[in-house]
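Scroll down for the structure; my scribbles are underneath it.
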Amino acid sequence: MTTHLEQAYALDAADPLARFRARFVNAEPDLIYLDGNSLGRLPHDSAMLAHDLTARQWGERLIRSWNEGWFTLPERVGGKLAQLLGAQTDEVIVADSTSVNLFKLAVAALRHQRGRTRILTDDLNFPSDVYILQGIVEMLDAGHRLEIIRSEDGVHGPVEALLAALDEDVALVVLSHTVFKSGYLYDMAAVTAAIHAAGALVLWDLSHSVGSAPVELNAADADLAIGCTYKYVNGGPGAPAFLYVRRDLQPLLRNPISGWMGQHNPFDFTLEYAAELGLRHFLTGTPAVLSLALIEPGVDLLLEASMNALRAKSIRQSEYLIALWEEMLAPLGYMLKSPRQAEQRGSHISLGHAEGWRINQALIRDLNVLPDFRAPDNIRLGIAPIYTTFTDVYTAAEQMRRAVEERIYARYSDQRAAVT
Ligand SMILES: *Cc1c(COP(=O)(O)O)cnc(C)c1O
């Protein structure tokens, strides 16, 4: 009889992407890291590039480096990200944070949709996205209403209710393509088509999709999108975000934060703002060059592995985890808080448990497993197919079993930490 562990080793031995794990820093070989959906691992190439960026590009070349590659980094890295997103090279650019990019694109969209007052989102969206939209409604003071459509089970996107809410007064719909708690994955093409049929624009937040699930912005005819680079793209903590504007919309939308980097010729230093053509117009101030440059090696690794192969592995690993959950964890009170259907799921699995917080503490402090925790009771297991192994997945399930069966969680109190 083969044991679970032998089965996991066999799955790793047959994994065509297994070689990519060695391309990342793995300082603690025994650590089971399942938080790549919050902060991806450090690629070795990024560590080397960080040294070159500081010692040579900054240290030696000084200001000359702006003309030796820094100035065009936003569109160069954006153009590579576009390949992961099914978009054209000139439709994606890197700037600011995801939250700020949402602000810029949502204000631009609402101004373009003058006369329409309703903004729709769902209650599975990332809170910062909802806060930004609330702030915009207040700032524009133009009678907009933000409506948050409720998911019935807190797991699946409220697609039917959302489509039923569409009418000729809806200006903009803002959704997370992969939702951050349950991992529910919207059908981008179908939902975008329905939104367009009502004459509204759609803005997709791709933070949990990029690098983990295939995204086809052009094929879906998506209008606008934003997303993070520090999760599955492995760009580094606080790395700048990207924004996408479909090519035909670019001349019609105006960046509400009109800074000199989006000016037609920033080095003319004229006092009259004239928008740069194309997507550079959506830049605002000087980019964080070091962080921005360090995104590129992570994108290169994903392109080398290919999104189709990454998606195939992500599905194999999440199906494997769900099978282990059914066999080992469901009898111990763990609940599946992610969709059961692979095509409705991104790359993380949430398991709820009445003692979720304390179990999570035991996993981190005693059992060498690093997932993350999302209130009220979700233990979120992020599968980053470019470096997660089947052995990682099995070991995490085994330690979750021990945490409950051996009552290891009972050592911890219910006191919550600031960053979870
Ligand atoms: C992580 C995440 C963000 C983060 O936004 P920041 O501006 O980088 O803090 C935004 N939206 C979603 C859906 C996310 O998952």
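The sole residue among Glu138, Glu147 that is modelled with pLDDT of 95 or more, open to solvent by 40 Å² or more (accessible area, probe 1.4 Å), touching a Ser or Thr at 6+ places or on another chain (Cβ under 9 Å) and not small (Gly, Ala, Ser) is Glu147.
Residue count for segment 218-229 satisfying the condition of being crowded, with 24+ Cβ neighbours inside 10 Å and either within 10 Å of the ligand (Cβ to nearest atom) or part of a loop (DSSP other than H, G, I, E, B) (or both): 6. When residues in segment 66-95 are screened for being without any contact (Cβ under 8 Å) to a residue 24 or more places away in the chain and not in a loop (DSSP other than H, G, I, E, B), 5 of them pass. Looking for whichever is more than 30 Å from Met139 (Cα to Cα) and either open to solvent by less than 60 Å² (accessible area, probe 1.4 Å) or of a type outside the set (Lys, Arg) (or both) here; the options are Gln263, Gln344, Gln250. Which one fits? Answer to the check: Gln344. The residue of segment 51-95 that is nearest to the ligand (Cβ to nearest atom), among those that are open to solvent by less than 70 Å² (accessible area, probe 1.4 Å) and aromatic (Phe, Trp, Tyr), is Trp70. How many residues, within segment 18-38, are crowded, with 18+ Cβ neighbours inside 10 Å and either more than 14 Å from Asn234 (Cβ to Cβ) or in contact with a Phe, Trp or Tyr (Cβ under 7 Å, 6 or more places away or on another chain) (or both)? Summing the residues that are crowded, with 18+ Cβ neighbours inside 10 Å and either more than 14 Å from Asn234 (Cβ to Cβ) or in contact with a Phe, Trp or Tyr (Cβ under 7 Å, 6 or more places away or on another chain) (or both) in segment 18-38 gives 6. Applying the condition of being open to solvent by less than 90 Å² (accessible area, probe 1.4 Å) and aliphatic (A, V, I, L, M) to segment 1-12 and asking which residue is farthest from Leu310 (Cα to Cα) yields Leu5. When we screen Gly154, Gly143, Gly135, Gly115 for residues that are on the phi < 0 side of the Ramachandran plot and assigned by TED's automatic domain parsing to the domain that holds Leu206, the only hit is Gly135. For segment 387-420, which positions are touching a strand residue (DSSP E or B) at 6+ places or on another chain (Cβ under 8 Å), in a loop (DSSP other than H, G, I, E, B) and either at pLDDT below 95 or charged (D, E, K, R) (or both)? The one that is touching a strand residue (DSSP E or B) at 6+ places or on another chain (Cβ under 8 Å), in a loop (DSSP other than H, G, I, E, B) and either at pLDDT below 95 or charged (D, E, K, R) (or both): Thr420. All conditions in (1) crowded, with 21+ Cβ neighbours inside 10 Å; (2) assigned to a loop (DSSP other than H, G, I, E, B) hold for Thr284, with the sole exception of (1).
Note on segment 348-386: residues that are under 17 Å from Gly40 (Cα atoms), surrounded by 24 or more Cβ atoms within 10 Å (Cβ to Cβ) and in contact with a strand residue (DSSP E or B) (Cβ under 7 Å, 6 or more places away or on another chain) amount to 8.
Ser258 satisfies every condition listed in (1) open to solvent by 40 Å² or more (accessible area, probe 1.4 Å); (2) polar (S, T, N, Q); (3) part of a helix (DSSP H, G or I) except (3). Against the criterion of being touching a residue at least 24 places away in the same chain (Cβ under 8 Å), open to solvent by 10 Å² or more (accessible area, probe 1.4 Å), on the phi < 0 side of the Ramachandran plot and of a type in the set (S, T, N, Q), Thr98 qualifies.
The values are calculated or read from the model by the stated rules, or taken from the named source; none is laboratory data. The model shown is predicted, which means the values in this text are computed figures rather than measured ones. Here Cβ is always computed from backbone atoms with ideal geometry, including for glycine, and neighbour counts include all displayed protein chains. The protein model used for the area step is the full one, side chains on, heavy atoms only, and it has no ligands, DNA or RNA in it. Shrake-Rupley method; radii C 1.70, N 1.55, O 1.52, S 1.80 Å.
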